[in-house]
Amino acid sequence: MRVRGLVERLEQETSRSVEQRLAALLLARDEASRGASFTLAATQAEAAEEIGTVREVLVRTLRRLRERKLVATPVRGRYRVTDRARLREIARS
């Protein structure tokens, strides 16, 4: 049963884009922080690993989300979701 769950999760994650997976992670961290600024992980590499990508792709995707005003970086290494509705759309698309 445990292997089956891992295989299902792997299939689900690989069928979604990095942007979708990152949007879901940002929303989860935002919810856990109750709207306060938050970190994604101890390092960008760890956050990238968590969503199944590499650090460089994570950084580019975060930059695009910031440029679209969906996420802000009030302090280096900390994030704040500025448009939950649009991030939810991305995460679910």
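Within the range 27-39, does at least one residue satisfy the condition of being among the hydrophobic types (A, V, I, L, M, F, W, C), open to solvent by less than 60 Å² (accessible area, probe 1.4 Å) and within 20 Å of SER93 (Cα to Cα)?
Restricting attention to the range 27-39, the residues satisfying the condition of being among the hydrophobic types (A, V, I, L, M, F, W, C) are 27-28, 32, 36, 38.
Next, only the ones that are open to solvent by less than 60 Å² (accessible area, probe 1.4 Å) stay: 27-28, 36, 38.
If we keep only those that are within 20 Å of SER93 (Cα to Cα) too, we end up with 27-28.
Scanning the range 27-39, I find at least one residue that is among the hydrophobic types (A, V, I, L, M, F, W, C), open to solvent by less than 60 Å² (accessible area, probe 1.4 Å) and within 20 Å of SER93 (Cα to Cα), so the answer is yes.
Cβ separations smaller than 7 Å between residues 6+ apart or across chains give the following pairs from the range 1-24 residues that are under 23 Å from ARG88 (Cβ atoms) to residues that are at pLDDT below 65 and surrounded by 12 or more Cβ atoms within 10 Å (Cβ to Cβ): ARG21/GLU13.
So which residues in the range 50-70 are among the acidic types (Asp, Glu) and more than 11 Å from ARG21 (Cα to Cα), if there are any at all? First the steps, then the outcome.
At the first step, the residues of the range 50-70 found to be among the acidic types (Asp, Glu) are 50, 56, 67.
The answer is GLU56, GLU67.
Of the residues VAL81, VAL71, VAL59, only one is within 12 Å of the chain's Cα centre (by Cα) and free of Cβ contacts under 8 Å to residues at least 24 places away in the same chain; which? Lay out the reasoning, then the answer.
Values: VAL81 fails: free of Cβ contacts under 8 Å to residues at least 24 places away in the same chain; VAL71 fails: free of Cβ contacts under 8 Å to residues at least 24 places away in the same chain.
That would be VAL59, the only listed residue that is within 12 Å of the chain's Cα centre (by Cα) and free of Cβ contacts under 8 Å to residues at least 24 places away in the same chain.
Taken over the range 26-60, the criterion of being in contact with a Lys or Arg (Cβ under 6 Å, 6 or more places away or on another chain) and among the aliphatic types (A, V, I, L, M) is satisfied by ALA45, ALA48, ILE51. Is one or more of the residues making up the range 13-23 open to solvent by less than 60 Å² (accessible area, probe 1.4 Å), at pLDDT 95 or above and in contact with a strand residue (DSSP E or B) (Cβ under 7 Å, 6 or more places away or on another chain)? No, the range 13-23 contains no residue that is open to solvent by less than 60 Å² (accessible area, probe 1.4 Å), at pLDDT 95 or above and in contact with a strand residue (DSSP E or B) (Cβ under 7 Å, 6 or more places away or on another chain). Taking every residue in the range 39-55 that is free of Cβ contacts under 8 Å to residues at least 24 places away in the same chain and pairing it with any residue that is surrounded by fewer than 14 Cβ atoms within 10 Å (Cβ to Cβ) and of a type outside the set (Lys, Arg), at least 6 positions away or on another chain, the pairs with Cβ-Cβ distances below 6 Å are ALA48/VAL54; ARG55/ALA45.
The values are calculated or read from the model by the stated rules, or taken from the named source; none is laboratory data. Please read these numbers as outputs of a predicted model, since none were measured by experiment. Glycine gets a Cβ as well: all are built from the backbone with ideal geometry, and neighbour counts include every protein chain shown. These area figures cover heavy atoms from the full protein model, side chains too; ligands, DNA and RNA do not enter into them. Shrake-Rupley method; radii C 1.70, N 1.55, O 1.52, S 1.80 Å.
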